[in-house]
Every structure is written in structure tokens, then in C-alpha cells.
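The next block holds one structure in the form of C-alpha cells; read it before the comments.
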């Protein structure tokens, strides 16, 4: 099994239509497979999580970002480096909680939802929920919550993802060594 | 100058991969136990390192850790200088490219990929400080 030579740190260019249509086909198929919106939302989150745990390694390999010292730094890296690298957009960071453990990512435009309109029979579908799963998986070194609080697909002016820090997860000793 | 061996651990202490090139002595214990001991030692060393300078030892242990807890440990003889870029290359161009980005390679367990093993082996053998003659 051979592989092409390592392409270094550049991104491969890909048609954004292909990406949007692929994501749409995925959501559509999940809707057929699961029949109710809540289950689809869960599956999207789960798939996103599995993507996130791998994506973070690619991100670290390419971006040379070190360990973040606090959640504010994490927010900056997510919005200004990671979103830019993978989706070509830079969300803004707003609405910090007084304790500094919650913030919002505001996406003016969301590449996943180009061409998409939610039909009436899928009003509780969180179409872009994969993103929340990716964020949780990528931050596997800490437990975080990520959820959509505004969605342009539902008529809101912007798309807003609320991120909440729960706790850090320390490295583990191998099982049986405690 | 030469390279003795290399360990790749994840954040849960699972040994993802082990290769050796020039190792003068075997440990006399099963490999699985050696991996656990190595990881246990690294875990302890990490807590020391922040408080005091490292001990002088007869080989050099080169250590590279990512924020996700992936640890690359390469042991060489004393003639080898700092090799952060080498360890970073093993992480980014080999582990991430060939294992993480392959959806058919499960994470959190020993890497089965023959491609990874052989590419890593070729890379280490190509290093300027790798010599076929040990010591």
C-alpha cells in the first residue's frame, strides 16, 4: 500500500460545493436511517466527536500551537487558527461568562449550510451539529459542552455556538497501575 | 553515534508502537511490562522535571509530547544533540499522516500499519546521527 509523499503544511484545495453537498447527503441519509430529529442530532454529534479526536492531531501537526494556558487562549486558537484552517472562516468570540468558563462563537456564514433550507417536518434538526461534536472531540483533553443557541437555518440572524468548559482531563496511568 | 530504540505512547499510557535498532541489552522482562515501566517512569519524570534539573544518565532519552498527550520517546547515545525537529517529524509526518488520518487505523491501541512501521524505520535509518555501527 503506497502513499503519496507528505504534502507538508499546505491545505489541499477542494471544491466547497463538493464539501457542502457531501455534508448534505450525510445529513439526508441520517434522516432516512433514524426517522426522528433527536436521534439524527445525536449521531451527528457522535460522528463529529470521532472526527474531532483525529482532527486535533492534524491541527497540532500543522499549526505548531502549544498547550493553551487558559480557556481564553483556547477560544482564540479555535476561532482564529482552527476555524480558519479547516473551514476558511473566522468566527468572532463574544459573551464571556464572568467566571471565564463560557463563551460564544458567532459565525456570520456557515459553509455547511450553503444551499440549505430546513423543511417544516425537521424543525428540531440541528443541521450543523457535527460541528459541536468536532469541537468536543478536538478538545478531548478537557470536557466541554458545545451547543447551537442560534441558527440561521431557523431564521436567526447569525449562527451562534455556545462553548462551556467543564473540567480538564488529566493523562491516565495504564489500567491497573493505580 | 546511533539510535537504540523508540517508544510511541498515547495519553492513556497505551504503547502505540515500539521499534529498536541497536540495543545492547534486553530488559529480561516481557515487552508489555517494559512498556508499562517506561510509561510509569515518564509519568514520574514529568513531575520531577518541573522542580529540578535532569539526572545525568548513560544514554540520552529524548522526549516530545503534544498537547493531546501523544509522547514520542527516543533513546540514543550521548553523542546526539537536541532532536526536537526529528521527534516532531515522527509525530506529524508519520503518526498523524499515516495513522491518525487513516480512518481504518483505530486509535488508542497498538498501530498495526506496516506502512507506518517501515516508513518510521526508513526515516530513523536516514538520520544523520544514525550509524549502522553502534557506539
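How shielded is B:5-13 by partner chains, expressed as the average number of their Cβ atoms within 10 Å of its Cβ atoms? Show your work: numbers first, answer last.
Values: counts 0, 0, 0, 0, 2, 2, 6, 5, 6.
Per-residue shielding by partner chains comes out at 2.
With each label point set 7 Å from Cα along the Cα-Cβ vector, what nm distance links residue A:169 and residue A:72?
2.7
In whole angstrom, note down how far apart the Cα centers of segment B:59-135 and segment A:18-50 are.
36
log₁₀ I(q)/I(0) of segment B:3-126 at q = 0.09, 0.19, 0.21, 0.22 Å⁻¹, via Debye over equal Cα point scatterers, no solvent, to two decimals?
-0.25, -1.18, -1.46, -1.60
May I ask you to sort B:21, A:96 by Cβ crowding, counting other Cβ atoms within 10 Å and putting the fewest first? Walk me through the numbers before you get to the answer.
Details: B:21 17, A:96 14.
Starting with the residue having the fewest Cβ neighbours, the order is A:96, B:21.
If you count, for every residue in A:133-145, the Cβ atoms of partner chains within 10 Å of its Cβ, what is the mean? Write out the running numbers ahead of the final one.
Working: counts 0, 0, 0, 0, 0, 1, 1, 3, 5, 0, 0, 0, 0.
Taking all residues of A:133-145 together, the mean is 1.
Taking every Cα atom in segment A:20-97, find the radius of gyration and the maximum pairwise distance Dmax, and write them in Å.
Considering segment A:20-97 through its Cα atoms, Rg and Dmax are 15.5, 43 Å.
If we count other beta carbons within 10 Å of each Cβ, what is the order of B:114, B:34, fewest first?
By the 10 Å Cβ count, ascending, the order reads B:114, B:34.
Along each principal axis of its Cα atoms, how long is segment A:116-165 end to end? Whole angstroms, biggest number first, please.
That works out to 38, 18, 15 Å along the principal axes.
Note down the relative contact order for segment B:3-126 as a percent, whole number, built from C-alpha pairs under 8 angstrom at least six residues apart. Let's see the in-between values first.
Values: 134 pairs, mean separation 36.1, N = 124.
Across segment B:3-126, relative contact order equals 29 percent.
If you rank B:73, B:14 by fewest surrounding Cβ atoms within 10 Å, what's the result?
Fewest to most other Cβ atoms nearby, the residues stand as B:14, B:73.
What Kirkwood Rh does chain A have if only Cα atoms enter the pairwise 1/r average? Answer in Å. Intermediate results must be reported in sequence, preceding the final value.
Numbers: mean 1/r = 0.0566 Å⁻¹.
So the Kirkwood estimate lands at 17.7 Å.
Rule-of-thumb check for the protein assembly as shown: C-alpha Rg over 2.2 N^0.38 Å? All intermediate terms of the calculation are to be shown ahead of the outcome.
On the way: Rg = 22.3 Å, N = 313, 2.2 N^0.38 = 19.5 Å.
Relative to the rule-of-thumb radius for its length, the protein assembly as shown sits at 1.14.
How would you order A:129-139, B:92-102, A:155-165 from highest to lowest mean count of nearby Cβ atoms within 10 Å?
Working: A:129-139: 23.5, B:92-102: 20.4, A:155-165: 16.5.
Averaged packing, sorted descending, gives the order A:129-139, B:92-102, A:155-165.
Every number in this text was worked out from the coordinates using simple rules, so none of it is lab data. The structure displayed is predicted, hence computed values, not measured ones. No Cβ is skipped: glycine too gets one built from the backbone with ideal geometry, and neighbour counts run over all protein chains shown.
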